[in-house]
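*Asks:* Dropping a structure here in structure tokens format, bear with me for questions.
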Amino acid sequence: MPQSRRRWPILIALLVVALAAGGGAYRYWPRPQPTFLTLYGNVDVRQVDLAFNASGRLQELRKEEGDAVKTGETVAIMESDTYRDAVALARARLAAQRAVVDRLETGSRPEEIARDRAQVEANKAAVVDAELLLKRRTELLAGGNVSRQLYDEAKNGYDSARARLDISQQVSRLTEIGPRREDIEQAKALLRSEESVVSLAERRLADTVLKAPADGIVLSRIVEPGAMVSPANPIFTVSLTDKIWVRTYVSEPDLGRIRPGMAVTVFTDTDPTHPYEGWIGFISPTAEFTPKTVETTELRTQLVYRLRVFIKNPDDRLRQGMPVTVRVPLGAG
């Protein structure tokens, strides 16, 4: 009996050592890693307010609430008579300035050159006549047979004829040379200015037609035909159908297991058997619901980061605010 009593403490000690060793082995024994990361969130659909980039009276609305719109589809039209007149005026001014540039670049016509040359010859003949008259009166003045006044008239006539000849020669030379290069460049600059005016007028005319920027569904029809509208007055509110995304959050311990571009599967409560394909598009660089000071490992687990998960919606069944479950595969990456 005494020997068996002495064995009990030894057996108990061995049992404690075995349990401790087993617990340590269990603690450090590699456990199977989960194959999926499950997140929860809500569908978030972007909305856009459509407005004219011009001011005027609304003429026509082509969509009602609930109607589908396609990219580039006309949804509303504004009265455009004023803008059409502005385009016509700008185009007329452009045509006039283009004619000026063409005239300057063409240079002088042969008829203009011949006209100025003929004027030079006529002025030369006038100079010859004035010179002969001045010579005769100079001889008469020397003999006292003509007054000083008549001599002065002949002298002034000769000087005037010479001046007209010089002017006509300069004009003829300029006609043969043609317009100055500076004048041509100035005319071209004005032409480019008029082209910009036409482009601006045409753009303003195009702004009287309101088109959908993307595929979507009309949520609200805000005004009616006949109302005065401007860029500050929305006409429609449209819910965009591409892209649809889910706003969800991931905890800090799981943050290193995901990255942008990873494929995901999204399930709705409406039909859990019908999955939607998607991918992680954005991970917030800043934490939310963060404690004021993070001092312990337990507090770090309270950090969450916002995710944006884009979803394909081929059947158009996803709606704003719909709760969903996001499953992220964590396999070979």
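*Asks:* On a full-extension model of 0.36 nm per residue, what is the gain between ASP316 and LEU200, subtracting their alpha-carbon distance, rounded to one decimal in nm?
*Replies:* Result for the pair: 37.8 nm of gain on full extension.
*Asks:* Still on this structure: Could you compute the net charge surrounding MET262? Neighbours are other residues with a C-beta less than 14 Å from the C-beta of MET262; K and R count +1, D and E count -1.
*Replies:* Summing Lys and Arg as +1 and Asp and Glu as -1 gives +2.
*Asks:* Work out from phi, with θ = phi - 60° and the Karplus expression 6.51 cos²θ - 1.76 cosθ + 1.60, the ³J(HN,Hα) of each residue of region 251-267, listed in order in whole Hz, and give x for Gly and Pro.
*Replies:* Coupling constants for region 251-267: 6, 4, x, 8, 4, x, 9, 10, 7, x, x, 5, 6, 9, 10, 10, 10 Hz.
*Asks:* Sticking with this one: Enter the accessible area of VAL87 (Å², nearest 10), with the probe set to 1.4 Å and all protein chains included.
*Replies:* 10 Å²
*Asks:* For region 45-108 and region 155-226, write down the distance between their C-alpha centroids in whole Å.
*Replies:* Answer, in whole Å: 21.
*Asks:* Here is a further query. Which value, in Å² rounded to 10, gives the accessible area of ILE113 with a 1.4 Å probe and all protein chains present?
*Replies:* Spelled out: ILE113, probe radius 1.4 Å, area about 40 Å².
The values are calculated or read from the model by the stated rules, or taken from the named source; none is laboratory data. Keep in mind the model is a prediction, meaning the values are calculated, not measured. Here the Cβ is made from the backbone with ideal geometry for all residues, glycine too, and neighbour counts use every protein chain on show. Heads up: the accessible areas ignore ligands, DNA and RNA and are worked out on the full protein's heavy atoms, side chains in. Shrake-Rupley method; radii C 1.70, N 1.55, O 1.52, S 1.80 Å.
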